[in-house]
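Have a look at the structure below, then the notes.
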Amino acid sequence: MSISFFAECTVLITGASAGIGREFARQLAPAVNTMILVARRNDRLEALELELRIINPHLEVFSRQLDLRDHAALERFCNWLDESGLSVDLLINNAGLGDRGAFIDSEWERILAMLRVNIETLTYLTYRILPSMRKAGFGAILNVSSVASLLPVPHLAVYAATKAYVTSFSEALRAELRNANISVTTLCPGPVPTEFDAVARRDPETNTSTAAREVFSVSVQEVVRRALNAVARDKARVIPGTLVHLSMTIVAFIPMYLKRLIFNAQATRKKNAFASPARPNYEISGTI
Ligand SMILES: NC(=O)c1ccc[n+]([C@@H]2O[C@H](COP(=O)([O-])OP(=O)(O)OC[C@H]3O[C@@H](n4cnc5c(N)ncnc54)[C@H](OP(=O)(O)O)[C@@H]3O)[C@@H](O)[C@H]2O)c1
């Protein structure tokens, strides 16, 4: 794939301060005209902006510090986007987070963060940006989901369910937009070595790395290369990594009753590995 497919585009990337989002910015920077980068860690965004500008003097970069759990802040960002006159050609809904451990012991704040960032923000940004794509007569949306969207995952129950939403929503939207010249692609990575696992871990001391994760791991550069290739070729879904892809193809043919037996065994094995302290007291600061 030639990166020139994205020549002169305006791209919006959420979660650009780390991992997969930052790599999207790096790989797209030589081609696109304008980049809008969103995340909470402003120092990271500024460092990335500087790096991109030095290597790509033609590039216009707008970094926006934004907590995507905060709907009012998201609304202000979308209004700024409308008023700026920037028309987004490629929307990469990448920001996301997980939470490893038993649902019964989870903190409501973490659940709410996943529901808001992984589902609500992705849906709202798509909702706000689609009209300008329709007006322009073209556009592309890349939604970052996960292989966890393709089957329930004990001890990642809410995360997997949020990603199931992303995959389902993206497939349906793709069909709706077929005649509008707007493509929708779903990226479903397996394990990728980023900060994701450290964020998803409840106890920093817990080692969540397993031999299986190592074997299935695909580099962030490869994941992004494969994803951009899929967008350029208007593919519906991409599962980077031959082993991951093959495994998910096999999983699709396993009957549900067999999957349940496997889930039960996994859940028992993980029970101790991800044991967390008793559920803390918390105050509900909002609902989705
Ligand atoms: N790594 C994997 O193994 C893996 C596998 C499958 C799918 N994925 C998906 O890939 C996507 C990117 O993950 P990653 O692996 O690159 O993880 P990462 O290194 O932890 O990066 C996550 C990004 O999301 C942003 N983010 C999280 N919460 C946010 C909030 N409230 N407001 C604004 N931005 C927020 C973070 O920025 P700030 O913290 O600066 O706000 C960061 O830039 C996620 O959707 C994840 O579910 C990852």
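No lab work stands behind these numbers, since they all come straight from the coordinates. Treat the numbers as computed from the prediction; the structure is a model and nothing was measured. Neighbour counts run over all protein chains shown; Cβ positions are idealised from the backbone, glycine included.
Some notes on this structure:
- Under a Gaussian network description of the chain, with springs only between Cα atoms under 10 Å, the residue in T194, T126, T186 that fluctuates furthest is T194.
- More than 23 Å apart - percent of Cα-Cα pairs taken over the chain: 55 percent
- Which of D105, D89 has the fewest Cβ neighbours within 10 Å, and the rest in rising order: D105, D89
- In the chain, taking the dipole from charged Cβ atoms about the Cα centre, the farthest positive-side position among L37, H245, T126 is held by H245.
- Total lysine pairs under 22 Å (Cα atoms) in the chain, excluding pairs fewer than 8 apart on one chain: 5
- Here the sum of -39500 (n - 2.57) over DSSP H runs of 4 or more residues, divided by the residues of the chain, equals -14500 deg cm²/dmol at 222 nm, to the nearest 500.
- Taking other Cβ atoms within 10 Å as a rough exposure proxy, M114, M256, M248, M35 sort from fewest to most as M256, M248, M114, M35.
- DSSP beta bridge pairing in the chain, given as percent antiparallel to the nearest 5: 0 percent
- Of the residues L50, F6, G85, the one whose Cα sits farthest toward the positive end of the charge dipole of the stretch 1-102, with +1 on the Cβ of Lys and Arg and -1 on the Cβ of Asp and Glu, is L50.
- GNM top mover of G19, G190, G85 - the chain, alpha-carbon springs below 10 Å: G85
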